[in-house]
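Written out below as structure tokens is the structure these notes cover.
The values are calculated or read from the model by the stated rules, or taken from the named source; none is laboratory data. Predicted model, so just to flag it, every value in this text is computed and none were measured. Here Cβ is always computed from backbone atoms with ideal geometry, including for glycine, and neighbour counts include all displayed protein chains. Keep in mind that these areas ignore ligands, DNA and RNA; they rest on the heavy atoms of the full protein, side chains included. Shrake-Rupley method; radii C 1.70, N 1.55, O 1.52, S 1.80 Å.
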Amino acid sequence: VLINVGASGSHAGQAISPVVSNNEISVLTGLWAHGVGLEGETPGAMVLNNKIDGLTGTGGSNGVKIEDNDGAATVEIHENSFTNLGFGIQNVMAAVVNATCNWYGTAVPAAVAAQISGPVSYSPFLTNGNDDQPSTFGFQPVPGSCNGFATDLYVNDNVQTGDVYTTAIGNDANPGTA
């Protein structure tokens, strides 16, 4: 599925709030093999409940690729299954794309991170890749399975009571007492 409204820069246009949902895209091969390409400005684009598997391309194989897209900050990609690809999501724009609650063929945080290219907010992610409704087109995640997180948090003060979690930047050399 390619939405291209001026990716070459020579055409001005927009596809406002397009929705790509409930598709099954598999076994694409070519120079570029992208299940969904959002090329050119697509403000408010939604990519939902798609199953994209087994794409191969010598120039790249992505579940979703966002490029030449001034609307990237408003793109949302949720509840999809991306398996056997170069990247589940590749964003070549500077704006962060919201892509939480997707399956990447694994629940291992480092392996999920390896399926992301560019500024993408992908956590939390799905930890169960089963399709909850296999007779329905696309991919419907198991309820409650959007609970994977990109980073494990540890408090290293050698005490298991009174711990306080923070988003402050720290390091393992800090004993957690200061």
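Take segment 18-59 and flag every residue that is small (Gly, Ala, Ser) and either open to solvent by less than 30 Å² (accessible area, probe 1.4 Å) or at pLDDT below 95 (or both).
Residues satisfying the conditions are GLY30, ALA33, GLY35, GLY37, GLY40, GLY44, ALA45, GLY54, GLY57, GLY59.
Restricting to segment 91-109, name every residue that is touching a residue at least 40 places away in the same chain (Cβ under 8 Å) and over 15 Å from HIS78 (Cβ atoms).
ALA107, PRO109
What do you reckon, is ILE66 at pLDDT 95 or above and not in a loop (DSSP other than H, G, I, E, B)?
Taking the combined requirement at face value, the residue satisfies it.
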